[in-house]
């Protein structure tokens with residue numbers, strides 16, 4: 001029979017905005033379970049979790065697209081992410097980029113809410129990865145839209161190496177946007193004793209905003 005013996009949740013507040021509103025935080029949760037039987041002292045297994053949270057102002061993302069155009073979009077987002085954020089409604093509040101890559105009234109229109117939610121997911125993932133040196137480039141953390149409409153995280157380059165070094169077995173992501181804010185939560189499971197990390201696939205789940 002398993003019994004929860006301890007739960008610890010040190011919280012690291014990364015930064016705040018407004019009058020004390022939390023902009024982002026990182027939480028590390030460690031649980032220990034004890035298994036015992038007749039004549040046995042039992043054994044313990046640890047299953048720590050890391051949680052990254054971030055919020056991004058939609059207006060800030062929209063302003064960046066207007067100022068820097070395609071240069072900003074291609075530096076932050078992958079082609080797949082941009083395709084998922086395209087807006088076909090010309091009357092919607094969207095960001096437009098001309099064929100030459102400059103902001104304007106071109107045919108390439110993007111939902112700033114969807115872009116902001118994906119930017120928040122990238123920031124939340126970095127809080128889970130906790131690099132002590134150079135940060136992964138933005139496009140090394142991709143929010144991938146699955147065929148069922150949900151979202152998953154796909155890591156490459158330095159982001160994938162950091163996940164492997166940390167022994168992250170599984171990453172899950174959830175995105176949302178409302179009232180001018182894009183938000184995301186990333187949860188990572190660390191491989192415990194006898195639970196080898198999956199080195200080839202860092203999956204995640206969530207809904208596509």
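Return a yes/no flag: does region 138-152 have any residue that is within 20 Å of residue 48 (Cα to Cα) and modelled with pLDDT of 90 or more. Give the steps one after another, and end with the answer.
The initial filter retains those residues of region 138-152 that are within 20 Å of residue 48 (Cα to Cα), namely none.
Looking for residues that are within 20 Å of residue 48 (Cα to Cα) and modelled with pLDDT of 90 or more, one finds none in region 138-152, hence no.
Answer with yes or no whether residue 114 is crowded, with 16+ Cβ neighbours inside 10 Å, at pLDDT 95 or above and closer than 15 Å to residue 177 by Cβ. Show your work before the answer.
Numbers: crowded, with 16+ Cβ neighbours inside 10 Å: yes; at pLDDT 95 or above: yes; closer than 15 Å to residue 177 by Cβ: yes.
Yes; evaluated as a whole, the condition is true for this residue.
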**Message:** Only one of 188, 159 is part of a helix (DSSP H, G or I), within 12 Å of the chain's Cα centre (by Cα), under 29 Å from residue 113 (Cβ atoms) and at pLDDT 90 or above. Can you tell me which?
**Reply:** 159
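Residue-by-condition table, conditions (1) touching a helix residue (DSSP H, G or I) at 6+ places or on another chain (Cβ under 9 Å); (2) at pLDDT 95 or above; (3) closer than 24 Å to residue 183 by Cβ:
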site: 47; (1), (2), (3): no, no, no
site: 59; (1), (2), (3): yes, yes, yes
site: 98; (1), (2), (3): yes, no, no
site: 155; (1), (2), (3): yes, yes, yes
**Message:** Could you tell me how many of the residues in region 117-141 are closer than 20 Å to residue 79 by Cβ, surrounded by fewer than 23 Cβ atoms within 10 Å (Cβ to Cβ) and either in contact with a strand residue (DSSP E or B) (Cβ under 9 Å, 6 or more places away or on another chain) or in contact (Cβ under 8 Å) with a residue 24 or more places away in the chain (or both)?
**Reply:** 4
**Request:** Tell me which of these residue 71 doesn't satisfy, since it passes every other one: (1) modelled with pLDDT of 85 or more; (2) under 30 Å from residue 170 (Cα atoms).
**Result:** (2)
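With respect to residue 171, determine if the residue is crowded, with 20+ Cβ neighbours inside 10 Å, more than 17 Å from residue 131 (Cα to Cα) and at pLDDT 90 or above. Let's see the steps before the verdict.
Working: crowded, with 20+ Cβ neighbours inside 10 Å: yes; more than 17 Å from residue 131 (Cα to Cα): no; at pLDDT 90 or above: yes.
For residue 171, the condition - crowded, with 20+ Cβ neighbours inside 10 Å, more than 17 Å from residue 131 (Cα to Cα) and at pLDDT 90 or above - is not met.
The values are calculated or read from the model by the stated rules, or taken from the named source; none is laboratory data. What you are looking at is a predicted structure, and each value in this text was computed from that prediction instead of being measured. Glycine also receives a Cβ, built like all others from the backbone with ideal geometry; neighbour counts cover every protein chain displayed.
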